[in-house]
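The values are calculated or read from the model by the stated rules, or taken from the named source; none is laboratory data. In this text, all values refer to a predicted model and were calculated from it rather than measured experimentally. Every residue, glycine as well, gets a Cβ built from its backbone with ideal geometry; the counts of neighbours run over all protein chains shown. What goes into the accessible areas is simple: the full protein's heavy atoms, side chains included, and nothing from ligands, DNA or RNA. Shrake-Rupley method; radii C 1.70, N 1.55, O 1.52, S 1.80 Å.
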Amino acid sequence: MKETVAVLGGGHGAHAMAVDLTSRGFPVNLFETPEFSGGMREVFQTGTIHSSGMINGSFRLNKVTSDIGEAIDGVRYILVVTPAFAHDAYTRLLRGRVTGNQVIVVYPGAFAGLLFRTAFGDLDCPVVAEVNNLPYDTRLEAPARVVIHGYNPVNIAFMPAEKGADLIDEMRAIHPYEKVYSDVLEAGLSIVNPGVHAGPCLLSITAIENSAKRPFFLYEHGVTPGSCRINIQVDNERKEIGRRLGYRLTPIEDFTGLSEGYTWQELYMSIHGNISLTPIAGPHTVSSRYFTEDAPYGLVPWSIIGKAIGVATPVIDSIVNIYNVVNERDWWADGRTRDDLGLEGLSPEEIKSYVRTGKRR
């Protein structure tokens, strides 16, 4: 019998993860906060999720609850599967409830290892692992019904990094993490979605806002030669940040299977022709997480880290500034900051030491 795991979240990814793990013999406790549990009424009533696509069948969960204590009681791994904007709320929800032998794993991470460490404090924080992407291309098609179009290779990092060696082998029963990043800073710089979505979303704002009149599929309609050229520049800017910090970043290559130095033509073919991606509809509004997650929790911290170490990010900054206008928000203020991540006042060398050991000085 495999160990019970807690899956926290009620969206596409959480449903897919609950199905996947249940199908592989894990008892799953699925949690959604009380204020959002109404959208999962059928799952709460039946304890079952129906899946199609890569996994077909109806899967009975071990427990479905809106009581966080009940969800995580006695479990080893707590899997937070939510958009990045919910991470702050989950730090407050879990603080003081997690024991030292439990491990929090965040999908996708978006510098969550640093965020949880700051919120919990160095002494009380358990090991936090963060993953660079969701393991599934998936969508909810109706209440309690999820379709899994395909699987994504995913990589992982640990905060503090020095704890990872003792955990990774047993954790590969959950997912076959292909790469263990040197630390959560490298993982945060390797988030996939902002680097894939930026160009297509930026150049498709009109089509997205007109999607009520004409159906819009980002990977089918938004991936164009021009958007791929923008994506390459975004990727090059974050790679330069990585080089200055001693990392060799290959997130787009890991996601697409392309070789380093890929061209826009190769990037176009790898995404526009991907049968797991092209059936995914949307986004249908500029309030979608493709904007409101990727900008504040991906592009903004990349830019902030770049400025801290002397790397210019003109294309990333331009995209954020345009999104600020479109969303009528200041993502520079509302996104991840040095203060949120506990990096204020630290030199690059001290930052690298902190993510390795979990100790600021």
Task: the stretch 113-132: number of residues that are surrounded by 21 or more Cβ atoms within 10 Å (Cβ to Cβ), over 11 Å from residue 160 (Cβ atoms) and touching a residue at least 60 places away in the same chain (Cβ under 8 Å) - done: 2
Task: Condition met for residue 144 (open to solvent by less than 10 Å² (accessible area, probe 1.4 Å), at pLDDT below 95, of a type outside the set (D, E, K, R) and touching a strand residue (DSSP E or B) at 6+ places or on another chain (Cβ under 8 Å)) - done: no
Open item on the list: Considering only residues that are in contact with a helix residue (DSSP H, G or I) (Cβ under 8 Å, 6 or more places away or on another chain), open to solvent by less than 40 Å² (accessible area, probe 1.4 Å) and not in a loop (DSSP other than H, G, I, E, B), which ones fall in the stretch 231-254?
Closed with: 231, 232, 234, 235, 237, 238, 241, 242, 245, 251, 252
Task: Pairs where the first residue, in the stretch 214-228, is in contact (Cβ under 8 Å) with a residue 60 or more places away in the chain and in a helix (DSSP H, G or I) and the second is open to solvent by 30 Å² or more (accessible area, probe 1.4 Å) and not basic (Lys, Arg), C-beta under 8 Å, 6+ apart - done: 219/272; 219/274
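Conditions tested, residue by residue: (1) surrounded by 17 or more Cβ atoms within 10 Å (Cβ to Cβ); (2) touching a Phe, Trp or Tyr at 6+ places or on another chain (Cβ under 8 Å); (3) outside any helix (DSSP H, G or I).
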position	(1), (2), (3)
266	no, no, no
269	no, no, no
312	no, no, yes
318	no, no, no
351	yes, no, no
Open item on the list: With the requirement that a residue be small (Gly, Ala, Ser) and either under 23 Å from residue 195 (Cα atoms) or without any contact (Cβ under 8 Å) to a residue 24 or more places away in the chain (or both), what does the stretch 87-112 give you?
Closed with: 109, 110, 112
TODO: Pull up the stretch 19-43, narrow it to residues that are part of a helix (DSSP H, G or I) and touching a Gly at 6+ places or on another chain (Cβ under 9 Å), then point me to the one that is most open to solvent (accessible area, probe 1.4 Å).
DONE: 36
TODO: Residue by residue through the stretch 173-207, note down the ones that are over 22 Å from the mean Cα position of the chain (by Cα) and either open to solvent by less than 10 Å² (accessible area, probe 1.4 Å) or in contact (Cβ under 8 Å) with a residue 12 or more places away in the chain (or both).
DONE: 203, 204, 205, 207
Task: the stretch 49-64, residues that are over 23 Å from the mean Cα position of the chain (by Cα) and open to solvent by less than 20 Å² (accessible area, probe 1.4 Å) - done: 61
TODO: Kindly check whether there is at least one residue in the stretch 320-331 that is out of contact with any Asp or Glu (no Cβ under 9 Å at 6 or more places or on another chain), among the aromatic types (Phe, Trp, Tyr), surrounded by 17 or more Cβ atoms within 10 Å (Cβ to Cβ) and modelled with pLDDT of 90 or more.
DONE: yes
Open item on the list: I'd like the residue in the stretch 332-345 that is among the small types (Gly, Ala, Ser) and either surrounded by fewer than 17 Cβ atoms within 10 Å (Cβ to Cβ) or at pLDDT 95 or above (or both) and, out of all such residues, is farthest from residue 87 (Cα to Cα).
Closed with: 345
TODO: Hey, could you check the stretch 271-307 for residues that are in a helix (DSSP H, G or I) and over 17 Å from the mean Cα position of the chain (by Cα) and say which is surrounded by the most Cβ atoms within 10 Å (Cβ to Cβ)?
DONE: 305
Task: Cβ-Cβ under 7 Å pairs, at least 6 apart or on other chains, the stretch 255-266 side farther than 15 Å from residue 230 by Cβ, far side open to solvent by 40 Å² or more (accessible area, probe 1.4 Å) and not in a loop (DSSP other than H, G, I, E, B) - done: 258/266
Open item on the list: I'd like the full set of residues that are closer than 14 Å to residue 266 by Cα and buried (at least 20 other Cβ atoms within 10 Å of the Cβ), limited to the stretch 216-229.
Closed with: 223, 227, 228
